[in-house]
Amino acid sequence: SSCPSYGKRRMENISEEEAKLYDRQIRLWGLDAQKRVRGTNVLLVGFKSLNAEVCKNIVLAGVKSVTICETSIASPIDLGAHIFLTEDHLSENIGKASIPNISILNPLVEIKSDQEDIKTKGSQYFSQFSVVCATNCNRDTLLWLNKQCRDNSIHFFAAETFGFSGYFFSDLIRYSFVGKNKNGDPETITEIYTPIGEALQINSVQAPRRTPKLFYGLQVLLAFEEKHGRKVSISDADVDTALKLWAEMSQPLKSGASVLDETYLRTLIRNVSGEISAVSAILGGVLGQGTLDGTFHQFL
């Protein structure tokens, strides 16, 4: 059967195979937007369950390529929430082991595995990508990655889940899109984004009542990992250390440590290593859409 018609220039811009595969989304966001997606090269740093969900969404959307930078070996705990791993992949590199199952979703997308530490990479390595999405990274790595992306004009996303909680951060540097003014007329709107280093700063200007507790909890988790070289555990000693860290970090706040109560912090720490597939799927869907929004240069 013949592929759908998308105008006179259709055959010059998209193959018949692509037109059939991406028919629904072309009808949703248009041929030009699909062409932008098709030219997008994405780097995923870390490949636990959250970035696996991001990968699923952008591969189905039809990006040009996805490079998975992951050094970890698959363990039994990874199988609980990771959509691409099975028991057959135990003791294999998580990224490399996932490639066959990812490729089933969309054979037109090139999937690559990079098993080297991301911080061994130079500026030229990053210049090949349009988008970088980092998950499960420590503070130093997040700041370093964000700088590499800004130096190369690359959109940067960071995210992580903690049991039923999760966050994501986006830095599109300078982002313009077509919106509407007060009169309802089309208007080009430009937003200037803040680097993650500035976004993570705690200062007295912030309004504690409007700032989610997770923002402050994340500060404690990142600070603990930075100081001790590992993620916080559920041991009493680690929890006590984390509480002391927060007491020190919260001093610039007018309300002090009271904006993050001990019960909440203890609950957050108990869930640090827990990955829940449903939470990863929800946040991964939002994050995947965010990477595509940046590619379109307009909100869908």
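Could you figure out which of (1) crowded, with 21+ Cβ neighbours inside 10 Å; (2) closer than 24 Å to Ser72 by Cβ; (3) in contact with an Asp or Glu (Cβ under 9 Å, 6 or more places away or on another chain); (4) not small (Gly, Ala, Ser) isn't true of Leu90?
It fails just one condition, (1).
Of all residues in the range 5-46 being open to solvent by 30 Å² or more (accessible area, probe 1.4 Å) and assigned to a loop (DSSP other than H, G, I, E, B), which is modelled with the highest pLDDT?
Of everything passing the filter in the range 5-46, Gly39 is modelled with the highest pLDDT.
Out of (1) open to solvent by less than 70 Å² (accessible area, probe 1.4 Å); (2) farther than 19 Å from Asn138 by Cα, what's the single condition that is false for Val220?
(2)
Note down all Cβ pairs under 9 Å where the first residue falls in the range 147-174 and is within 28 Å of Gly274 (Cα to Cα) and of a type in the set (Gly, Ala, Ser), the second is open to solvent by 40 Å² or more (accessible area, probe 1.4 Å) and in a loop (DSSP other than H, G, I, E, B), and they're at least six residues apart or on different chains.
Between residues of the range 147-174 that are within 28 Å of Gly274 (Cα to Cα) and of a type in the set (Gly, Ala, Ser) and residues that are open to solvent by 40 Å² or more (accessible area, probe 1.4 Å) and in a loop (DSSP other than H, G, I, E, B), the close pairs are Ala159/Asn136; Gly163/Asn271; Gly163/Ser273; Gly163/Glu275; Gly163/Ile276; Ser165/Asn271; Ser170/Tyr193.
Is at least one residue of the range 47-68 assigned to a loop (DSSP other than H, G, I, E, B), touching an Asp or Glu at 6+ places or on another chain (Cβ under 6 Å), in contact (Cβ under 8 Å) with a residue 40 or more places away in the chain and crowded, with 22+ Cβ neighbours inside 10 Å?
Yes, that holds for at least one residue.
So in the range 107-121, with the set limited to residues that are hydrophobic (A, V, I, L, M, F, W, C) and at pLDDT 95 or above, which one is nearest to the chain's Cα centre (by Cα)? Even if it seems obvious, please write down each step before you answer.
So in the range 107-121, the residues hydrophobic (A, V, I, L, M, F, W, C) come out as 108-109, 111, 118.
Then drop every residue that is not at pLDDT 95 or above, which leaves 109, 111, 118.
Numbers: Val109: 19, Ile111: 17, Ile118: 15 Å.
Applying the filter and picking the extreme gives Ile118.
Test Gly184 against the stated conditions and say whether it is touching a residue at least 40 places away in the same chain (Cβ under 8 Å) and either open to solvent by less than 40 Å² (accessible area, probe 1.4 Å) or over 21 Å from Val239 (Cα atoms) (or both). If you could, list the steps in order and put the result at the bottom.
Working: touching a residue at least 40 places away in the same chain (Cβ under 8 Å): no; either open to solvent by less than 40 Å² (accessible area, probe 1.4 Å) or over 21 Å from Val239 (Cα atoms) (or both): yes.
Considered against the rule, which asks whether it is touching a residue at least 40 places away in the same chain (Cβ under 8 Å) and either open to solvent by less than 40 Å² (accessible area, probe 1.4 Å) or over 21 Å from Val239 (Cα atoms) (or both), Gly184 comes out as no.
With the requirement that a residue be surrounded by fewer than 18 Cβ atoms within 10 Å (Cβ to Cβ) and among the polar types (S, T, N, Q), what does the range 147-181 give you?
Asn152, Ser153, Ser176, Asn181
Can you tell me which residue among Gln124, Gln206 is open to solvent by 70 Å² or more (accessible area, probe 1.4 Å), out of contact with any helix residue (DSSP H, G or I) (no Cβ under 6 Å at 6 or more places or on another chain), modelled with pLDDT under 95 and not aliphatic (A, V, I, L, M)?
Working: Gln206 fails: open to solvent by 70 Å² or more (accessible area, probe 1.4 Å).
Only one candidate qualifies: Gln124.
Which of the residues spanning the range 243-290 are at pLDDT 90 or above, among the hydroxyl-bearing types (Ser, Thr, Tyr) and within 17 Å of Asn136 (Cα to Cα)?
If the condition is that a residue be at pLDDT 90 or above, among the hydroxyl-bearing types (Ser, Thr, Tyr) and within 17 Å of Asn136 (Cα to Cα), then Ser277, Ser280 are the ones that fit.
Which number in (1) surrounded by 19 or more Cβ atoms within 10 Å (Cβ to Cβ); (2) over 19 Å from His82 (Cβ atoms) marks the one condition that Thr267 misses?
(1)
The values are calculated or read from the model by the stated rules, or taken from the named source; none is laboratory data. Just so it is clear, the structure is predicted and the values come from calculations on it, not from any experiment. Every residue, glycine as well, gets a Cβ built from its backbone with ideal geometry; the counts of neighbours run over all protein chains shown. These accessible areas exclude ligands, DNA and RNA; they are computed on the full protein's heavy atoms, side chains included. Shrake-Rupley method; radii C 1.70, N 1.55, O 1.52, S 1.80 Å.
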